[in-house]
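The values are calculated or read from the model by the stated rules, or taken from the named source; none is laboratory data. Predicted, not measured: the structure shown is a model, and the values here were computed from it. Positions of Cβ are generated from backbone atoms using ideal geometry, with glycine treated the same way; all protein chains shown enter the neighbour counts. These area figures cover heavy atoms from the full protein model, side chains too; ligands, DNA and RNA do not enter into them. Shrake-Rupley method; radii C 1.70, N 1.55, O 1.52, S 1.80 Å.
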Amino acid sequence: MRFRRPRARVFLAGSAMLTAALVQGGVPAYAAPNIVPNPKLETKAGKLPKCWEVWTKGRNEGSAKLVRGRVSKRAVQIKQKMRVSGARALIQTKACAIKKVKPGQRLNLSFHLKSTTPKMSVMFFRQKSNGSWVSWADYGVGGASSKWRKATVKTGPVPAGTKAVRFGLAISGKGTITTDDYLMTASAGAAGRCTDKTGCVEGKWRYVDFGDPKPGADDGDPGDAGALARKKGVRAMHTVVLNNGKVLLIAGTGNNAQNFAAGSFESMLFDPATGKYRKIKTPVDMFCAGHVQLSDGRVLIMGGTKKYSENDSGYQGWLGEEKSYIFDPKDNKYHRTNDMNDGHWYPSATILGNGDVYSVGGYAGDYQGGYQYVSRVAELFKYNKKSKTGGAWLPANKVAQSNINWSTYPALILMQNGKLFYSGSSVFGHPVTGNSNDNYTHNEGNFLSAGIFDYKKKNSFKEVPGLSQKWARDQSASVLLPPAQRQKVMTMGGMDFSAQGPGVAHAHTDIVDLNSPSPRYRRGPDLNAAKVYVSAVLLPDGKVFETGGSYANRTQYVREAAMFDPKKPDAWTAMAPDKVGRTYHNTAVLLPDGRVLAAGSNPISNFYETRISIYSPPYLFKGPRPKIRSVSKKYWAYGGAYTIKTDRKIKSAWLMRPGAVTHSSDPNQRAVAPEKLTIKGDTAKFKFTNKPNIAPPGWYMLFATDANGVPSVAEWVHVGG
Ligand SMILES: [Cu+2]
């Protein structure tokens, strides 16, 4: 089993494009190992290559010898001078037979040959459990060729009770065959193939630094040597996957008042496929802004920090920005839109089925009675793809305004009926109704737990009961479980930031079925560890991965990660933990290559973790990945059906909306399954939903996943108008 080793650390100070250390190449993690010993026939043993011998059967005469190789020194030529019956072959010796095969696996063989006769085949033998060898299968390999050509063979499943396999190239006519360069890989079997014992069970992490002083053995604690010196990376508070596979990491001032005073705002464009990155000129303090990808792939960013608190220890003094920008992946620049009607520091951002964006909450742009307060202005961005700025914010009187104080980053998830589900997850206090500005006190009278909200109607909030730990869902994570069509939402972890709270996190999860006529949260399996600042990522095998977080407010990292399978909803399965501690202001997203990127952590205000962690889930250690060869259309219409050609049979396909996450909140994250998937051999027909509210317009990552849960690298497709 081989991994591409990370390149030596490259850091070109002063250059615009830089390469981060410790980033592996684009297509991740995994190359299936060659299970043929001495595959290039280079090692000699007597007159033939080591591990290879001549096999004959029937009445024939011939020879075999070493000749010049295709690209290296040696190849083997088999010659049959006379033949009445049978065949002659170059075959693996029994001592070198392939023992690493499991019943149910298929073997993929390729090799090169030249031949004067088409009468040839690849013969496979297998060793039964009693030790005896029997013929297993023969495969033709095509016609004669005077030049080197590549031949491939795919076997059927290895039969039960097979201890070992060997194969050889046989000639059954008069003539010569010259052969070289064997490669055999074993594909996933019914029982699943593991190419790396640890990775297969719990996945593996890699770490990317940006050339800052080597952190050594530290794991992200502010007290660790070198940690405070990390400055070259970016304070990734906001992480947005772009439709070109790059990741936009936004810091703004990065929670640093000196940066604010200096007008120093930052973003970084990071390419997880190459490790290249560069800083992006950032016009305003997007620290704690809202963001969402518009239908055309541009990113709408609203609000942020207009003023820092003069008293960092309290929650007073912060003001929200009214400005809003579009980040365009085509020119990597921010373009200003019209302003919102109020400032919003920590606003929500939900894309609707028609491509518009609804946003509420966050601290307002001005003081009320000398204090900061949550804006009650609901904002709606009318999408217009022809507009230079992607559209415009409507005047406040064109948007239904409610008497709801939404607190900060309320998780508002678009439901299939077009209403919004407030999951109960928020940041720094819970939403309240009436005239209350008290987001912290436990007061049933004005408290809004989870509920369904029709943004078109004033004050239409209808409570969804049953959320456990309802006072303690601050910086919990809520996800629409795969597939989006099932309309099940899970909320996990969190903490109570009020004075009444115990001051520590809990491990509760709750699941609600929004398709039910009277939705109600019910307890799900507890997380394996209590945590707040949870990051949860949907994966293209239909599972949910959670990572990051801490046990108390900005302290006591919980280095734990786990996987939840909605099909087996009884427990979380422990995965490898991220070694870098990630508390407040951490994020995680799915990458188009199936890996997960985790960034950020801000335990104290003058310290920020800039290292990025990249996680390869177990599915990247379970044999070769399916490959999407073609998709019949790049632009998908609601209700359409599209053909996906793959290099092998797949089991499922997913449209994954790219992540745009901050503060554990990405209400737009969703995994859309086909309404129907018709599979014939290597062709699958994906019947796409006719409901825009199930898959709001935009660019999605299309993954094809095999029976073993191994996903392809994604193709980007656009859905809707
Ligand atoms: Cu924040």
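Listed values, structure above:
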{"read-out": "Selection count where residues are within 34 Å of the chain's Cα centre (by Cα) and assigned to a loop (DSSP other than H, G, I, E, B), scope the range 410-438", "value": "14"}
{"read-out": "Hey, residue 295 at pLDDT 95 or above, within 16 Å of the ligand (Cβ to nearest atom) and either part of a strand (DSSP E or B) or crowded, with 20+ Cβ neighbours inside 10 Å (or both) or not", "value": "no"}
{"read-out": "Flag if residue 102 is open to solvent by 50 Å² or more (accessible area, probe 1.4 Å) and farther than 22 Å from residue 161 by Cα", "value": "no"}
{"read-out": "The range 427-441 residues that are at positive phi, paired with ones that are within 16 Å of the ligand (Cβ to nearest atom) and among the polar types (S, T, N, Q) (beta carbon under 6 Å, 6 or more apart)", "value": "428/408; 429/407; 429/439"}
{"read-out": "Selection count, the range 330-357, where residues are free of Cβ contacts under 8 Å to residues at least 60 places away in the same chain and within 16 Å of the ligand (Cβ to nearest atom)", "value": "2"}
{"read-out": "Any chance residue 273 is more than 14 Å from residue 257 (Cα to Cα), open to solvent by 10 Å² or more (accessible area, probe 1.4 Å) and among the small types (Gly, Ala, Ser)", "value": "yes"}
{"read-out": "Out of 596, 580, sole residue that is β-branched (Val, Ile, Thr), under 28 Å from residue 252 (Cα atoms) and in contact with an Asp or Glu (Cβ under 8 Å, 6 or more places away or on another chain)", "value": "580"}
{"read-out": "Hey, residue 581 away from the ligand (no atom under 16 Å from the Cβ) and open to solvent by less than 10 Å² (accessible area, probe 1.4 Å) or not", "value": "yes"}
{"read-out": "Residues of the range 399-451 satisfying the condition of being away from the ligand (no atom under 16 Å from the Cβ), buried (at least 22 other Cβ atoms within 10 Å of the Cβ) and among the aromatic types (Phe, Trp, Tyr)", "value": "421, 422"}
{"read-out": "Residue count for the range 584-598, restricted to those that are part of a loop (DSSP other than H, G, I, E, B), open to solvent by less than 10 Å² (accessible area, probe 1.4 Å), more than 16 Å from the ligand (Cβ to nearest atom) and not small (Gly, Ala, Ser)", "value": "2"}
{"read-out": "Residues located in the range 235-282, provided they are among the polar types (S, T, N, Q), on the phi < 0 side of the Ramachandran plot and within 15 Å of the ligand (Cβ to nearest atom)", "value": "239, 253, 256, 259"}
{"read-out": "Scan of the range 604-624 for residues that are modelled with pLDDT of 95 or more and out of contact with any Asp or Glu (no Cβ under 6 Å at 6 or more places or on another chain), ordered by number", "value": "614, 615, 616, 617, 618, 620"}
{"read-out": "Residue selected from the range 599-629 under the condition under 24 Å from residue 243 (Cβ atoms) and of a type in the set (Val, Ile, Thr), by the criterion farthest from the ligand (Cβ to nearest atom)", "value": "628"}
{"read-out": "Yes/no for residue 499 being surrounded by fewer than 22 Cβ atoms within 10 Å (Cβ to Cβ) and touching a Leu at 6+ places or on another chain (Cβ under 6 Å)", "value": "no"}
{"read-out": "Only listed residue being surrounded by 21 or more Cβ atoms within 10 Å (Cβ to Cβ), of a type in the set (Ser, Thr, Tyr) and touching a His at 6+ places or on another chain (Cβ under 8 Å), chosen from 662, 705", "value": "662"}
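Quick grid of which residues meet (1) under 30 Å from residue 194 (Cα atoms); (2) at pLDDT below 95; (3) open to solvent by less than 30 Å² (accessible area, probe 1.4 Å):
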site	(1), (2), (3)
82	no, yes, no
110	yes, yes, yes
118	no, yes, no
127	yes, yes, no
130	yes, yes, no
142	no, yes, no
